[in-house]
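The structure appears below as structure tokens.
The values are calculated or read from the model by the stated rules, or taken from the named source; none is laboratory data. All of these numbers come straight from a predicted model, not from anything done at the bench. Here Cβ is always computed from backbone atoms with ideal geometry, including for glycine, and neighbour counts include all displayed protein chains. The protein model used for the area step is the full one, side chains on, heavy atoms only, and it has no ligands, DNA or RNA in it. Shrake-Rupley method; radii C 1.70, N 1.55, O 1.52, S 1.80 Å.
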Amino acid sequence: MKTLYTPIEAVLEDVIVETPTIKTFVLRPKEKFSFTTGQFIELTMPEIGEAPFTPSSDPNLKETIDVTIMNAGKMTSLLHQASKKISLGIRGPYGKGYPLEKFTGKDILIVGGGVGLAPLRSLLLSLFAQMHKYNRVVLRYGARSPDDIIYKQLLPKWKNVKGLDMMITVDKGNPAWAGHVGLVTTILNDLPLDMQKAVVIVCGPPIMMKFATLKLLEIGFKPEDIYLSMEKNMSCGLGKCGHCRIGPYYICKDGPVFTYEQLKDLHDIWD
């Protein structure tokens, strides 16, 4: 008997190594499954457990779902050891995604850090499919080192997308790195957009999101125009366990996408 907690079976069709600690898992659900960009799923390893992840693939592609995951705990460690063709489970989708309808006709700034580019990849692919609706799209992405940059095979292709302005930085370079070196906040100056007609989406580690938000406020963005992907601390996905509660909100039900205006007066939002 199916319940709210019963997952849909999905076959692990492919595993793509992104960095030494990050892999993209390509899942093929055995039932119809769809999501909107910014929503999340609960991914199940039978007899091991489950955890929430935001798909990184194009929501317009219905046959498979990509999930890009960092090896950061017991379940993710076992997942990183998994071989293709094993059966996993997915349930959802849950939460509220990016309100694309509010972005029409605007400049869109996307700021990502580390594996935070994964949910943003889904957003970017959604935007690429209808670029005529937006003024311009600006991507600013930061990683700890060149080795920690994800989607290395895709980024050169994105540079050729008409209407996209992309810049990448690393905290620490190496002899082969010819790009910018510095925190992602250092590439948020002199942005090629009109801040009075722009929105910005931020996703990454909490400390990166904190200082990126402060920088964005400093250069003139309004709190209501800054969208944050607050994915931390989610567990059940249904607002039952209370683990992700922040002020009056449950991240899994009321988010994970919030405006900074909604959160700015709450305590400890970056913890």
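Data table
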read-out: Restricting region 48-114 to GluC sites (Glu not before Pro) in coil, as DSSP defines it, with at most 12 other Cβ within 10 Å; value: Glu63
read-out: Of all DSSP beta bridges in the chain, antiparallel share, percent nearest 5; value: 55 percent
read-out: Heavy-atom accessible area per residue - region 142-271, 1.4 Å, Å²; value: 52 Å²
read-out: For the chain, cysteines whose Cβ has no other cysteine Cβ within reach (under 4.7 Å); value: Cys203, Cys244, Cys252
read-out: Per residue accessible area in Å² of region 23-101, where ligands, DNA and RNA are left out and the probe is 1.4 Å; value: 45 Å²
read-out: Accessible surface of the chain [probe 1.4 Å, protein heavy atoms]: carbon and sulfur percent; value: 52 percent
read-out: Trypsin sites (Lys or Arg not before Pro) lying in DSSP loop within region 64-130, provided at most 10 other Cβ fall within 10 Å; value: Lys85
read-out: Estimated 222 nm signal from helices in the chain, with DSSP H stretches of n ≥ 4 weighted -39500 (n - 2.57), rounded to 500; value: -4000 deg cm²/dmol
read-out: Linear extension gain, Gln130 paired with Lys210, 0.36 nm per residue minus alpha-carbon span; value: 25.8 nm
read-out: Solvent exposure ordering (accessible area, 1.4 Å, most first) of His267, His243; value: His267, His243
read-out: Net lengthening on full extension, Ile16/Asp271 (0.36 nm per residue, minus Cα-Cα); value: 88.7 nm
read-out: Cα-Cα pairs of region 1-75 separated by more than 21 Å (percent); value: 24 percent
read-out: For region 56-71, 3J(HN,Hα) per residue [Karplus equation, 6.51 cos²θ - 1.76 cosθ + 1.60, θ = phi - 60°, Hz, x = Gly/Pro]; value: 10, 9, 6, x, 6, 8, 9, 6, 10, 10, 9, 10, 9, 10, 8, 6
read-out: Net charge contributed by nearby residues that have their C-beta within less than 11 Å of Lys102 (K/R +1, D/E -1); value: -2
read-out: Contact order normalised by residue count of region 1-150, Cα under 8 Å, 6+ apart, percent; value: 28 percent
read-out: At 1.567 mPa s and 4 °C, Stokes diffusion of the chain via Kirkwood alpha-carbon radius, µm² per second; value: 68 µm²/s
